[in-house]
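J.: Structure in structure tokens, see below.
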Amino acid sequence: MIHSIMIVSIIAIIAAGFELPNQIKKRWKKEVILYVLFLIAGSVLSVYALLEIQLPSPLMIPELMYKPLHRWIYQS
Amino acid sequence: MEVIPIPSNKDTRLHAELHETVQYIKDIMGDSPDLIIRDMTLAQDWHIALLYMNGLADVQMIQTSILNSLIENSSAYNSDQTMHPLHYMKEKLLSVGDIEWMHHFDTLFTHLLSGDAILLMNGYPDALRIGVTGREERSISEPTSQPSIRGPMDAFTETLETNVSLIRRRMKDPQLWLEKYSIGQVTKTSVAIMYQKSLANDDLIKEVKQRLNRIDMDGILESGYIEEFIQDHKYTPFPTVYNSERPDTIVAGLLEGRVAILIDGTPFVLLVPGLFIHFMQTSEDYYQRSDISTLIRLIRYLSFFIVLLAPSLYIAITTYHQEMLPTNLLLNLAAQREGVPFPAFIEALMMEIVYEILREAGIRMPRTVGQAVSIVGTLVIGQAAVEAGIISAAMVIIVSITAISSYVIPANAMSISVRILRFILMGLAASFGLFGILIGSILLALHMNSLQSFGVPYMSPIAPFNLDNQKDTLFRIPWPRMIKRPSSINPKDSIRMARSKGTK
Amino acid sequence: MANGKISTKQLAVLVIYFIIGDMLLVLPSLIVSAAKQDAWLSGMLGFIVGWPVAWFLYKFSRLYPKLTIVQYSRRLLGKWLGGLVAIFYLYYYLTNVSVILREVGDFITTQFLTETPIMVIHLLMVILIIWSMKSGIETIARTGETFFPWNALLFIALIILLLPQVQMDRIQPIMTEGLRNINYASLYSSTFTFCEMNVFLMILPQVANSKHTERDYLIGAFLGGMAICSIVMLTLVVIGPNLIPSLIYPTYSAAQKINIGNFLQRVEAILAINWIISTYFKIILNFYALMLGLTQLLKLRDTRSMTVPVGLIAFGLAFAVTPNTVHFNYMINYYIYWDITCAIVLPLLLYAIHLIRKKYGHPNLQQDRL
């Protein structure tokens, strides 16, 4: 478990190291904040993936949305 | 002795006192023994000094044209004429073609060290520059790196003027323009660009001049230096500037609207823009019949892929995808690999590195020893390694085919890049099999498509696809059909010949 | 990045790649399990129904030629409602990317590199995607042009090499399955190929305008649809409707049957190469739409800046998509509705609003402003 977290953090930090200094130098505050936010989200998801823990699938949303419709079509 | 700085300020005129000027020159040059100073007093009490560099100036011409005319005819000057004596010499006495006024020290030094003779006179802060350059040069010989079966056998030399003449000899158009620059703070190398004004795109010419102006370095020794300064992308193994030793290649490029860059001191002339397909063409393609040329071009592209992919495919298939081989071959290979202690990747890596070592050694070797080493390299190392069980025979075959294919690629610069890339692909193949090779190929294609050479996409006309230009990439359509010039370089005039003039 | 220009030929190539996308491998088993031996009819029906959808999408994007759907949904519906629609589309693209990544991973780890963890495949593809994104859409389009002749050649070679294995009686008896099943199966072949083209609503603004754009786009859609039909037909007549529903990758199994003179065997890798390349283009177009939409929604100054984080998110989601194939096949059914929503329902809605607004003369309905 620790290994996965370490690997992902290293990759995340390297990626940030390439891109953030440029943005910080240009004073793009909004981009930096969003970048870090998304990076954290991505890292968390990647750690879950590496640990092979099953998260709710992104396909749940369409399933929820369209289940009633599907059922209605199949009944008729 | 103390170091006297050369005046960089253009306002430093020559001194009127002759011996002051001469002394200054001698001091700056450290009293160099190859600086010849001829002091003379001519009729009318003209005290002059003639300076030239031994070895750079043509002594014969100095003696016959300059000294002879000065000594014999200077007495013809009528002392009550008010003409400036140097002007009189320039107009009436000296029978030379290239003669100019000079007033400043830095131009004096540049021209003196280029091989001109300088004429100074006591009492006047002016000098005459007489063009008598005549150094020893290598005569025009065959190209060493780009031989051909059919076609002209002359190659450029190290002298800029000779190279320009070789081009002008083939293109007798007044719109073939030449512009000269001096690049390099210390070496002051003469660099010239040539282009066909009626064909070359003005933006391209402007861009070339801009990039050359930006070079700020102390020495330019070879066209490779300039190439690295003017190329579009720094971090790519692919060359984006074409170079050639052959005048016919350069002239063909000029006819397409490209710009040639000649550098004094090297026979390799640059040609921009340089697209991928240019590196896979030779001038000989156009001299032989079109069907042969088409076949040979296809073989060249095939070799390109072989160099890139053969070792990787071998590694991928033998490590991951053994099921893809026919059964007999599989059994043979498995038997061979039984005795080999290393995995396919290490084997391939070792053999490729040994081959690169042999290749480098072959270039530097004295000619007498060359034969022995090639025998050692091929027979002994290859055969012995197989028999010792270090590598398998199939590996030797793969490496040899790769090596030979890399020589089919005509431009050395491209062949080098492919050799670098195949190591990366080998690594990918060893880790991820065919999938790795596929990912590597997609990455490579992405990279190549992102390159540009002076604004033209590198992979034109493959992508962006241009049907007209396909006549000259994989195939070579016969000359009567090649009515248009390649449009990817945006020449001004795209029609090469009138449609009616070619035969059907 | 927003001023990268794609030529019309490149657009056509991208359209063909997109339509074929991952369908080479995934579609036949879905269609055949619904329509059995009439699946080829479903394929053609899907093409006939789907091609006008592609045309509709093109026309719809021409309402606001220089704006992407994220931008003009906000313009038509206002900042908040339009933003919701935009997020809906972005979520769609993100899910597309994750699902297709997962498909690639599953295919490679089950058929080729069986000992490799699926994470590695995902990682390689994500690295590829990030690199492509950083190179820009022009480079991607040119790469498409570079690969296209080879892919086309391999595709035709595949068809030719399989001809000896064809047995036409496998598609008989014709039309016994009933129109209802054929229609239902044609939903698969029309939505997964043509309706997913709503991604192009984000990409069409980057295309250099020329009088041939519409024609090239439609030709591309046509060729793509033909390729899909031929694949469905080919798989059906080579393997047969009884076996296909039990195979996950029937086209791959079909390619494994290639045997010319006992010499040309085991060349199923050509199918795999074809598939991975066309799938790559589908992923990268979806990803590009995602990044572009994100940039426009959040008003970022540079499209490339968020590439790595979003790539990481896609990597993580690729695993989360489904725990196994059965679950995946079940979820796929809902995808049909989602595709239809994004490709037909929402654009029609937006079009209606556009007409209403035009009728009542809203002043800020200016197009051509990026």
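Taken together, the values in this text are just the output of simple stated rules run on the coordinates, not laboratory data. Note that this is a predicted model, so its numbers are computed, not measured. Glycine gets a Cβ as well: all are built from the backbone with ideal geometry, and neighbour counts include every protein chain shown.
J.: By a straight-distance test (C-alpha under 22 Å), which lysines pair with C:Lys257 as possible cross-link partners, with residues fewer than eight away in the same chain excluded?
T.: The qualifying lysines are C:Lys36.
J.: Another question about this same structure. Pairing the Cα long axis of helix C:307-320 with the longest principal axis of chain C, what angle in degrees results, from 0 to 90 and rounded to the nearest 10?
T.: Helix C:307-320 sits at roughly 40 degrees to that axis.
J.: Amide H to amide H under 5 Å from C:Lys66: which residues, 5+ apart in sequence or cross-chain, H placed 1.01 Å off N in plane?
T.: Those qualifying (amide H under 5 Å, at least 5 residues apart or on another chain) are C:Asp368.
J.: Next up: Using Cα centres only, tell me the gap between the range C:100-130 and the range C:169-211 in whole Å.
T.: Each part reduced to its Cα centre gives a spacing of 26 Å.
J.: Can you check what the net charge comes to around C:Phe328, using other residues whose Cβ is under 14 Å from the Cβ of C:Phe328 (Lys, Arg +1; Asp, Glu -1)? Intermediate values should be presented prior to the final figure.
T.: Working: positive: C:Arg102; negative: A:Glu63, C:Asp22, C:Glu103, C:Asp106.
Here the count lands on -3.
J.: If Rh is defined by the Kirkwood formula over all Cα pairs and Rg also comes from Cα, what ratio Rg/Rh do you get for the range B:115-239? Don't jump to the answer; show the numbers that get you there.
T.: Numbers: Rg = 18.3 Å, Rh = 17.8 Å.
Taking Rg over the Kirkwood Rh, I get 1.03.
J.: Taking only DSSP H segments of four or more residues, each worth -39500 (n - 2.57), what value at 222 nm results for the protein assembly as shown once the sum is divided by all its residues, to the nearest 500 deg cm²/dmol? Numbers along the way, then the final one.
T.: Working: 34 runs with 522 residues, N = 950.
Mean residue ellipticity, 222 nm, calculated: -18000 deg cm²/dmol.
J.: If you plug each phi of the range B:280-288 into the Karplus form 6.51 cos²θ - 1.76 cosθ + 1.60 with θ = phi - 60°, what whole-Hz ³J(HN,Hα) values come out, in order, with x for Gly and Pro?
T.: Computed from phi, the couplings for the range B:280-288 are 9, 10, 10, 5, 5, 4, 8, 9, 7 Hz.
J.: Mind giving me the FRET efficiency for C:Leu298 and A:Ile13? R0 is 22 Å, r the Cβ-Cβ distance, nearest 0.05 is fine.
T.: Working: r = 23 Å, r/R0 = 1.06.
For C:Leu298 and A:Ile13, the calculated efficiency is 0.40.
J.: Efficiency by 1/(1 + (r/R0)^6): what FRET value for C:Ala208 and C:Phe88, r their Cβ-Cβ distance, R0 = 35 Å, to the nearest 0.05?
T.: Taking R0 as 35 Å, the efficiency between C:Ala208 and C:Phe88 is 0.75.
J.: Still on this structure, I have one more. Short version: what are the Cα gyration tensor semi-axes of the range C:1-137, square root of 5 times each eigenvalue, largest first, in whole Å? Spell out each step's value before the answer.
T.: Working: eigenvalues 176, 114, 52 Å².
Rounded to whole Å, the semi-axes are 30, 24, 16.
J.: Here's something else I'd like to know. If you fit an axis through the alpha-carbon atoms of helix C:269-298 and take the longest principal axis of the Cα set of chain C, what angle between them do you get, 0 to 90°, nearest 10?
T.: Approximately 20 degrees, to the nearest ten.
J.: What FRET efficiency, computed as 1/(1 + (r/R0)^6) with R0 = 56 Å and r the Cβ-Cβ distance, is obtained for B:Gln185 and A:Met6, rounded to the nearest 0.05?
T.: Numbers: r = 51 Å, r/R0 = 0.92.
After rounding, the FRET efficiency stands at 0.60.
J.: Considering all projection directions equally, how large on average is the shadow of the alpha-carbon convex hull of the range C:8-359, in square nanometres? It would help to have the intermediate numbers written out before the result.
T.: Working: hull surface 71.8 nm².
Averaging across all directions leaves 18.0 nm² for the Cα convex hull.
J.: Tell me, how many Å apart are the Cα centres for the range B:142-212 and for the range C:306-323?
T.: Their Cα centres are 54 Å away from one another.
J.: Tally Lys and Arg at +1 and Asp and Glu at -1 over the other residues with C-beta under 13 Å from the C-beta of C:Leu11: what net charge comes out? Before the final figure, lay out the partial values.
T.: Numbers: positive: C:Lys5, C:Lys9, C:Arg142, C:Arg215; negative: C:Glu138, C:Glu145, C:Glu214, C:Asp216.
So the surrounding residues net to 0.
J.: How big is the range C:288-368 along each principal axis, measuring the range of its Cα positions in Å and listing the largest first?
T.: 53, 34, 14
J.: What do you get for the angle between helix C:137-162 and the principal long axis of chain C? Use alpha-carbon atoms, 0 to 90 degrees, nearest ten.
T.: Computed tilt is about 20 degrees.
J.: Using per-residue counts of other Cβ atoms within 10 Å, averaged over each peptide, order A:24-30, B:405-411, B:54-60, C:277-283 from highest down. All intermediate terms of the calculation are to be shown ahead of the outcome.
T.: Values: A:24-30: 11.4, B:405-411: 19.1, B:54-60: 15.3, C:277-283: 24.9.
Listed from highest to lowest mean packing, they are C:277-283, B:405-411, B:54-60, A:24-30.
J.: Let me ask something additional. Report the extension gain between B:Arg496 and B:Gln371 in nm, rounded to one decimal, defined as 0.36 nm multiplied by the number of residues separating them, less their alpha carbon distance. If you can, show how the numbers build up before the last one.
T.: Numbers: separation 125, 0.36 × 125 = 45.00 nm, distance 4.77 nm.
Fully extending the segment from B:Arg496 to B:Gln371 adds 40.2 nm.
J.: Starting from one equal scatterer on each C-alpha and no solvent at all, send me the Debye-based log10 I(q)/I(0) for the protein assembly as shown at q = 0.10 Å⁻¹, two decimals.
T.: With no solvent term, the Cα-only Debye profile gives -1.25.
J.: Extending each Cα 7 Å along its Cβ direction at B:Ser487 and B:Glu338, get the distance between those two points in nm, one decimal.
T.: Distance between the two pseudo-spin positions: 6.3 nm.
J.: Please give every one of the aspartates and glutamates within straight-line cross-link reach of B:Lys188, meaning a C-alpha to C-alpha distance under 13 Å, and leave out same-chain neighbours fewer than 8 residues apart.
T.: B:Asp106, B:Asp216, B:Asp218, B:Glu222, B:Asp264
J.: On a straight-distance basis, which aspartates and glutamates could pair with C:Lys299 in a cross-link, Cα separation under 14 angstrom, same-chain partners fewer than 8 positions away excluded?
T.: Answer for C:Lys299, where 14 Å is the Cα cut-off: A:Glu31, listed by chain and number.
J.: I'd like the Kirkwood hydrodynamic radius of the range A:2-75, using the inverse of the mean 1/r over distinct C-alpha pairs, in Å.
T.: Values: mean 1/r = 0.0662 Å⁻¹.
With all distinct Cα pairs of the range A:2-75 included, I get 15.1 Å.
J.: Using the Kirkwood radius built from alpha carbon pairs, what does the Stokes-Einstein equation give as D for chain B at 25 °C and 0.890 mPa s, in µm² per second? Spell out each step's value before the answer.
T.: Values: Rh = 27.2 Å.
Diffusion coefficient, whole number: 90 µm²/s.
J.: Follow-up question, since we're still on this one. Using modelled amide H (1.01 Å from N, peptide plane; none on Pro or chain starts), what sits under 5 Å from the amide H of B:Lys492, excluding residues fewer than 5 places away?
T.: B:Ala200, B:Asn201
J.: Another question, if that's okay. Could you order peptides B:321-331, B:298-308, C:34-44 by the average number of other Cβ atoms within 10 Å of their residues, highest first?
T.: By packing density, highest mean first, the sequence is C:34-44, B:298-308, B:321-331.
J.: Karplus couplings for the range C:71-77 from phi (6.51 cos²θ - 1.76 cosθ + 1.60, θ = phi - 60°), rounded to Hz, Gly and Pro as x?
T.: These are the phi-based 3J(HN,Hα) values: 6, 7, 5, 5, 5, 7, 9 Hz.
J.: Report, in listed order, any pair from B:Lys234/C:Lys211; B:Lys234/C:Lys66; A:Lys26/C:Lys79 with a Cα-Cα distance greater than 31 Å. Before the final figure, lay out each step's value.
T.: On the way: B:Lys234/C:Lys211 38 Å; B:Lys234/C:Lys66 34 Å; A:Lys26/C:Lys79 28 Å.
Violating the 31 Å limit, Cα to Cα: B:Lys234/C:Lys211; B:Lys234/C:Lys66.
J.: Taking H as built 1.01 Å from N, whose amide H comes closer than 5 Å to the amide H of B:Met217, not counting residues under 5 places away?
T.: Residues meeting the criterion, in which the H sits 1.01 Å from N, are B:Gly184, B:Gln185.
J.: Tabulate in residue order the Karplus-calculated ³J(HN,Hα) for the range C:240-245, using 6.51 cos²θ - 1.76 cosθ + 1.60 with θ = phi - 60°, rounded to whole Hz; enter x for Gly and Pro.
T.: Coupling constants for the range C:240-245: x, x, 7, 8, 4, x Hz.
J.: If you don't mind, there's one more thing I want to ask. Between B:Asn68 and B:Arg214, 0.36 nm times their residue separation minus their Cα-Cα distance comes to what? Don't skip to the answer; put the middle values down first.
T.: Working: separation 146, 0.36 × 146 = 52.56 nm, distance 4.50 nm.
My answer for the length gained is 48.1 nm.
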